[in-house]
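Here the structure comes first, spelled out in structure tokens, and everything after it is commentary.
The values are calculated or read from the model by the stated rules, or taken from the named source; none is laboratory data. Every value quoted in this text rests on a predicted model; they were computed, and no experiment measured them. Here Cβ is always computed from backbone atoms with ideal geometry, including for glycine, and neighbour counts include all displayed protein chains. The area values use the complete protein model at the heavy-atom level, side chains included, leaving out ligands, DNA and RNA. Shrake-Rupley method; radii C 1.70, N 1.55, O 1.52, S 1.80 Å.
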Amino acid sequence: MPDFIAGLRAVADRYDYFILDLWGVLHDGTAPFPGVLDALERLNAAGKRIAILSNAPRRAEAVAQRVAEIGILGRLYHALVSSGEEAWQRLHRRDDPFHAALGRKVFHIGPPRDNGMLDGLDLEKVDRIADADFILNTGPWGWEETPENYEKRLAEAKARDLPMVCANPDLVVMHQNRLMICAGTLADLYERMGGRVAWHGKPHRAVYERCFAALGVEDPRRVLAVGDSLRTDIAGANNVGIDALLVAGGIHSEEFGVREGEIPDRSRVRLAVESSGHRPSYVLPHFVW
């Protein structure tokens, strides 16, 4: 079972590299959580190298710009890797059988803020499933959407055996203290219908390897991944053999009985960890020093 700690200071000396989730760990979509900027400053002062690894379905440069607007400046980390960047690169390179066979007409499921995912790619955006060669899924069109709103379109796509590229494997995200569905929920629904999906981002190995390269990691035993999702953050760390810290106050906060300023219910955390099969090394209520 994981160790329950009160702050990063309890384990920071054990690691040289930190791979940090974004939503639910560093910010809530509009502002950094209390204590986050102080913790980042202290990690930097201690000479740690930091990568932000986000399942945001946008290119890394766009994510960095948004993070800075929120208040997390570029000087506080050394690299930023996004699932959107990974998806864009694979669509650009088309260096595997799945992506090479996609065709050029794309039906985009996603809000206008994700339109940059089509820039620089030789693609034709179409407005009808009937005209598409494949689907690019960056998430629901609005924050209040439900999976049921997409069932008809996805059934139409499955009838045509359209492949889907999912640029964000997250099922939900914490947005201003509310859980909203993400692209992963729609991709999961499509797979359950029998659809074919290429997933990009955590928990898949490629984005971690990109972080290792950006940080100059020599010894994976000196890397700590921090995230709030058992399914993506902790599973991803387990997949690549690095230690993981679970922030209990993120998407699992209700399940863990965490309220602002409170510690998680240890029995609930242990039950969730055992049920998930994913193993964090540590559990921390919030990302604080």
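Laid out as a table, the results:
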read-out	value
Subset of region 64-75 [assigned to a loop (DSSP other than H, G, I, E, B) and closer than 15 Å to Thr30 by Cβ]	Gly71, Ile72
Test result for Leu43, open to solvent by 10 Å² or more (accessible area, probe 1.4 Å), assigned to a helix (DSSP H, G or I) and more than 26 Å from Gly120 (Cβ to Cβ)	no
Number of positions in region 50-63 that are part of a helix (DSSP H, G or I) and surrounded by 21 or more Cβ atoms within 10 Å (Cβ to Cβ)	2
Residue in region 69-78 that is out of contact with any strand residue (DSSP E or B) (no Cβ under 9 Å at 6 or more places or on another chain), open to solvent by 20 Å² or more (accessible area, probe 1.4 Å), at positive phi and in contact (Cβ under 8 Å) with a residue 12 or more places away in the chain present	no
Odd one out for Val217 among (1) outside any helix (DSSP H, G or I); (2) within 24 Å of Thr30 (Cβ to Cβ)	(2)
From Glu255, Glu209, residue being among the acidic types (Asp, Glu), touching a helix residue (DSSP H, G or I) at 6+ places or on another chain (Cβ under 7 Å) and closer than 19 Å to Asp21 by Cβ	Glu255
Residue within region 207-217 that is closer than 23 Å to Ser54 by Cβ and touching a Gly at 6+ places or on another chain (Cβ under 8 Å) present	yes
Leu91 vs. criteria at pLDDT 95 or above and assigned to a loop (DSSP other than H, G, I, E, B)	no
First in region 227-239 and in contact (Cβ under 8 Å) with a residue 24 or more places away in the chain and among the hydrophobic types (A, V, I, L, M, F, W, C), second anywhere and part of a helix (DSSP H, G or I) and surrounded by fewer than 24 Cβ atoms within 10 Å (Cβ to Cβ), Cβ under 6 Å, 6 or more apart	Leu230/Ser276
Leading residue by the ranking (nearest to Asp131 (Cα to Cα)) among those in region 172-188 that are hydrophobic (A, V, I, L, M, F, W, C), surrounded by fewer than 24 Cβ atoms within 10 Å (Cβ to Cβ) and touching an Asp or Glu at 6+ places or on another chain (Cβ under 7 Å)	Ile181
Conditions (1) over 29 Å from Phe212 (Cβ atoms); (2) acidic (Asp, Glu); (3) out of contact with any strand residue (DSSP E or B) (no Cβ under 9 Å at 6 or more places or on another chain); number of the one not met by Glu124	(3)
Enumeration of residues in region 185-214 that are outside any helix (DSSP H, G or I) and within 13 Å of the chain's Cα centre (by Cα)	Trp199, His200, Gly201, Lys202, Pro203, His204
